[in-house]
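Working notes, beginning with the structure itself.
The values are calculated or read from the model by the stated rules, or taken from the named source; none is laboratory data. Owing to the predicted nature of the structure, the values given are computational and were not obtained by experimental measurement. Reconstructed Cβ throughout: ideal geometry from the backbone, glycine too, with neighbour counts over all protein chains shown.
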Amino acid sequence: MEETLKLSKSNSLANLSNSILYKYGIKPFHQTIPYIDELLKNEDKKISLVLLDGFGKYIIEHFKDYCPFIYSSLKYEIDSVFPSTTTASTTSLLSGKYPIETGYIGWSEYFNKYDSYIDIFLSKNSLTKEDIYPNVLNLLKYESIIDLINKTKKYKARSFLSLDYKNNFKEDDLDVLFNEANNLIDYYDFSYIYVSEPDHLLHHYGLNDKYVYDIVKYLDENIKNLAKVHPNTLFLVIADHGLTDVKLEYIGHHQEFIDSLEDKNFFLEGRFATFKVKNKKRFIDSYNKFYKDDFILKTKEDILNEKILGYSDTINKYAYETLGDFFLISKSDMCFINTLSSDLKMHHSGIKKEETKISMGVINL
């Protein structure tokens with residue numbers, strides 16, 4: 001996926017997930033990856049898939065001297081899915097399906113039932129931040145690869161998610177996460193370990209902050225320890241996406257652009273933004289005047305016909321609902337924001353290779 005909207009049909013996170021299903025005797029939903037299939041053939045090895053949020057190929061390259069263990073383990077490259085954002089990519093990885101099939105496309109999605117845009121992972125109104133009840137995730141339920149592996153009754157699987165380990169001082173307590181994974185992964189044939197960093201810090205501090213260097217060193221040390229303590233476990237270390245430096249563009253910057261919109265905001269993602277439009281000609285004219293050098297313009301029909309959200313003819317009801325009339329997809333460093341208070345330094349979801357390319361570490365082969 002070299003700076004293009006064309007998602008790999010055979011070498012993405014969705015394909016990786018299908019290779020894992022195939023390993024455990026479960027019929028894949030989509031193509032598997034032959035290299036991964038071969039890696040997973042050893043019946044004597046347990047498998048642990050470790051996802052470091054945001055730690056894409058070019059982020060690892062930048063920090064290679066601070067993560068020597070992970071860097072030395074890199075063996076393979078895959079693509080994220082599109083858009084390259086945690087909502088879409090981690091769900092594709094955990095489901096074996098594409099965003100168009102799952103309905104998990106971006107951070108903020110529109111739901112007819114609520115006539116609102118909702119931050120789906122938080123189940124909060126995207127504009128007012130009010131809680132949405134019942135939880136909107138109830139509408140987007142799916143069977144995860146963990147569920148499917150456990151349903152075989154032959155194998156046991158478990159996930160360890162950093163967001164499940166909170167205390168009064170830390171939103172995600174990574175010490176507790178790694179300690180629990182270290183103590184328990186031997187009981188499972190397959191484990192999935194999700195770590196929310198370095199994505200969170202990169203968003204707010206950028207590449208060259210001490211906090212980020214420290215967390216990268218921390219992650220490298222903890223993964224090295226996991227591999228040492230569990231020599232009979234094959235560890236696959238991946239990311240869901242990378243990040244790129246961004247230049248923030250307030251959505252209300254150009255009045256003639258905002259006047260063309262039905263809603264005076266964008267949704268999904270700042271670098272993969274969808275819009276409901278009340279005046280199509282004015283919208284297109286404004287795009288050509290202000291944004292054509294920074295964003296690719298696509299219609300809803302383009303998104304579906306070109307399979308940008310995945311190679312499937314199955315379209316999730318809620319995926320369809322959230323697609324606006326037009327999309328602006330970033331090809332530069334520009335990133336839309338809905339409020340002037342944003343402090344984003346880096347972001348993802350556009351087409352740059354820094355956002356879409358993922359390096360995979362293979363440990364204890």
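Some points to look at:
- Residue check for Ile60: farther than 22 Å from Gly206 by Cβ and either buried (at least 19 other Cβ atoms within 10 Å of the Cβ) or under 19 Å from the mean Cα position of the chain (by Cα) (or both): no
- The set of residues in the stretch 63-82 being surrounded by 24 or more Cβ atoms within 10 Å (Cβ to Cβ) and either closer than 16 Å to Asp199 by Cα or acidic (Asp, Glu) (or both) consists of Cys67, Asp79, Ser80.
- Exactly one residue out of Leu94, Leu51, Leu39 is under 24 Å from Ile185 (Cα atoms) and out of contact with any Leu (no Cβ under 9 Å at 6 or more places or on another chain): that is Leu94.
- Within the option set Leu344, Leu323, Leu340, being touching a residue at least 24 places away in the same chain (Cβ under 8 Å), over 20 Å from Glu109 (Cβ atoms) and either surrounded by 17 or more Cβ atoms within 10 Å (Cβ to Cβ) or hydrophobic (A, V, I, L, M, F, W, C) (or both) holds for one residue only, Leu340.
- Residue in the stretch 49-96 that is farthest from Lys353 (Cα to Cα), counting only those that are of a type in the set (Val, Ile, Thr) and touching an Asp or Glu at 6+ places or on another chain (Cβ under 6 Å): Ile70
- Close pairs from the stretch 354-365: first free of Cβ contacts under 8 Å to residues at least 12 places away in the same chain and buried (at least 21 other Cβ atoms within 10 Å of the Cβ), partner in a strand (DSSP E or B) and not acidic (Asp, Glu), Cβ under 7 Å, at least 6 apart: none
Conditions tested, residue by residue: (1) crowded, with 20+ Cβ neighbours inside 10 Å; (2) of a type in the set (Gly, Ala, Ser); (3) under 29 Å from the mean Cα position of the chain (by Cα); (4) farther than 26 Å from Ser95 by Cβ.
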{"site": "Asp259", "(1), (2), (3), (4)": "no, no, no, yes"}
{"site": "Lys264", "(1), (2), (3), (4)": "no, no, yes, yes"}
{"site": "Arg271", "(1), (2), (3), (4)": "yes, no, yes, no"}
{"site": "Arg282", "(1), (2), (3), (4)": "no, no, no, yes"}
{"site": "Lys307", "(1), (2), (3), (4)": "no, no, yes, no"}
{"site": "Tyr311", "(1), (2), (3), (4)": "no, no, yes, no"}
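- The set of residues in the stretch 185-227 being more than 22 Å from the chain's Cα centre (by Cα), touching a residue at least 60 places away in the same chain (Cβ under 8 Å) and in a loop (DSSP other than H, G, I, E, B) consists of Tyr188, Asp189.
- Within the stretch 10-39, the residues that satisfy the criterion of being within 20 Å of Ser359 (Cβ to Cβ) and part of a loop (DSSP other than H, G, I, E, B) are Ser10, Asn11, Thr32, Ile33.
- If you go through the stretch 63-121 and pick out every residue that is charged (D, E, K, R) and more than 19 Å from the chain's Cα centre (by Cα), you end up with 5.
- Single residue of the stretch 337-365 satisfying the filter (among the β-branched types (Val, Ile, Thr) and under 14 Å from the mean Cα position of the chain (by Cα)) that is nearest to Asn265 (Cα to Cα): Ile351
- Qualifying positions in the stretch 276-301 - within 21 Å of Ile100 (Cα to Cα), touching a strand residue (DSSP E or B) at 6+ places or on another chain (Cβ under 8 Å) and not basic (Lys, Arg): Ile296, Leu297, Thr299
- Those strands (runs of 3 or more DSSP E) lying entirely in the stretch 69-167 with at least 1 residues in contact with a Gly (Cβ under 7 Å, 6 or more places away or on another chain) and closer than 29 Å to Asp220 by Cα: 74-79
- Any chance Leu163 is over 22 Å from Val229 (Cβ atoms), in contact with a strand residue (DSSP E or B) (Cβ under 9 Å, 6 or more places away or on another chain) and either of a type in the set (Val, Ile, Thr) or at pLDDT 95 or above (or both): no
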